[in-house]
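Asker: Provided herewith is a single structure, encoded as structure tokens, for subsequent inquiry.
The values are calculated or read from the model by the stated rules, or taken from the named source; none is laboratory data. Values in this document were obtained by computation on a predicted structure and should not be read as measured data. Note: ideal-geometry Cβ built from the backbone for every residue, glycine included; neighbour counts use all protein chains shown.
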């Protein structure tokens, strides 16, 4: 049998959910659906979360971009794609991408290329470049940037 909660109890649970980690609107709505609330109660809780700054899309998108870049070393394209999946506005996505310093971005890309290049066992230069390219595209780095870095690194002896 499912436990029944009051609107106040659910409100507190949602506050804790948002405090633990920055959440986007979509994540909170998905979590609220688990409680099978009537639409008015859901709106009341969402309004409360917005008014008391538990839910802030700009803050979420900034921390998401910073975290995914620093921890998972994702590129801007992947971050943008993931933010769009979470229904974040284009304006908030632009603000979030400003959190990534260009110097750090290029440095991380070079670091990934160097590491991956050492791990690839392929001797054919073109296949090696293709594997590096595919790896970096999956990570979400821009095509022009990836090609530029690969061409520079491939001119160096192993």
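Asker: Kindly list the number of the only condition in (1) within 20 Å of residue 58 (Cα to Cα); (2) buried (at least 17 other Cβ atoms within 10 Å of the Cβ) that fails for residue 108.
Answerer: (1)
Yes or no, residue by residue, for (1) assigned to a loop (DSSP other than H, G, I, E, B); (2) touching a helix residue (DSSP H, G or I) at 6+ places or on another chain (Cβ under 9 Å):
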site: 88; (1), (2): yes, yes
site: 106; (1), (2): no, yes
site: 112; (1), (2): no, yes
site: 129; (1), (2): no, yes
site: 133; (1), (2): no, yes
site: 137; (1), (2): no, yes
site: 144; (1), (2): no, no
site: 150; (1), (2): no, yes
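Asker: Pick from 33, 26: which is in the same structural domain as residue 12 (by TED's automatic domain parsing), within 22 Å of the chain's Cα centre (by Cα) and under 30 Å from residue 8 (Cβ atoms)?
Answerer: Just a single option satisfies the conditions, and that option is 26.
Asker: What is the number of the single condition among (1) loosely packed, with under 15 Cβ neighbours inside 10 Å; (2) closer than 28 Å to residue 154 by Cβ that residue 69 does not meet?
Answerer: Evaluating residue 69 over (1) loosely packed, with under 15 Cβ neighbours inside 10 Å; (2) closer than 28 Å to residue 154 by Cβ leaves (1) as the failure.
Yes/no per residue for (1) in contact (Cβ under 8 Å) with a residue 24 or more places away in the chain; (2) out of contact with any strand residue (DSSP E or B) (no Cβ under 7 Å at 6 or more places or on another chain); (3) within 28 Å of residue 23 (Cα to Cα); (4) not assigned by TED's automatic domain parsing to the domain that holds residue 28:
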position	(1), (2), (3), (4)
69	yes, yes, yes, yes
85	no, yes, yes, yes
88	yes, yes, yes, yes
123	no, yes, no, yes
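Asker: Something else now. Which residues, counting only those in the stretch 90-104, are in a helix (DSSP H, G or I) and surrounded by 13 or more Cβ atoms within 10 Å (Cβ to Cβ)?
Answerer: Result: 92, 93, 95, 96, 97.
Asker: Moving on. Identify, from the list 119, 132, the residue that is surrounded by 12 or more Cβ atoms within 10 Å (Cβ to Cβ), under 27 Å from the mean Cα position of the chain (by Cα) and within 22 Å of residue 69 (Cα to Cα).
Answerer: Values: 119 fails: surrounded by 12 or more Cβ atoms within 10 Å (Cβ to Cβ).
On inspection, the qualifying residue turns out to be 132.
Asker: Then there is this: Given the conditions (1) surrounded by 13 or more Cβ atoms within 10 Å (Cβ to Cβ); (2) without any contact (Cβ under 8 Å) to a residue 60 or more places away in the chain, which single one is not true for residue 139?
Answerer: Only one criterion is unmet by residue 139, namely (2).
Asker: Could I ask something else about it? Please verify whether residue 64 is under 14 Å from residue 140 (Cα atoms) and outside the structural domain of residue 19 (by TED's automatic domain parsing), treating the condition exactly as stated.
Answerer: no
Asker: Out of all the residues in the stretch 1-17, which are within 25 Å of residue 92 (Cβ to Cβ) and either without any contact (Cβ under 8 Å) to a residue 12 or more places away in the chain or outside any helix (DSSP H, G or I) (or both)?
Answerer: 16
Asker: One residue is enough: does the stretch 96-103 have a residue meeting the conditions in contact (Cβ under 8 Å) with a residue 60 or more places away in the chain and touching a helix residue (DSSP H, G or I) at 6+ places or on another chain (Cβ under 7 Å)? Steps first, answer last, please.
Answerer: Kept after step one, since they are in contact (Cβ under 8 Å) with a residue 60 or more places away in the chain, are these residues of the stretch 96-103: none.
No: the stretch 96-103 contains no residue that is in contact (Cβ under 8 Å) with a residue 60 or more places away in the chain and touching a helix residue (DSSP H, G or I) at 6+ places or on another chain (Cβ under 7 Å).
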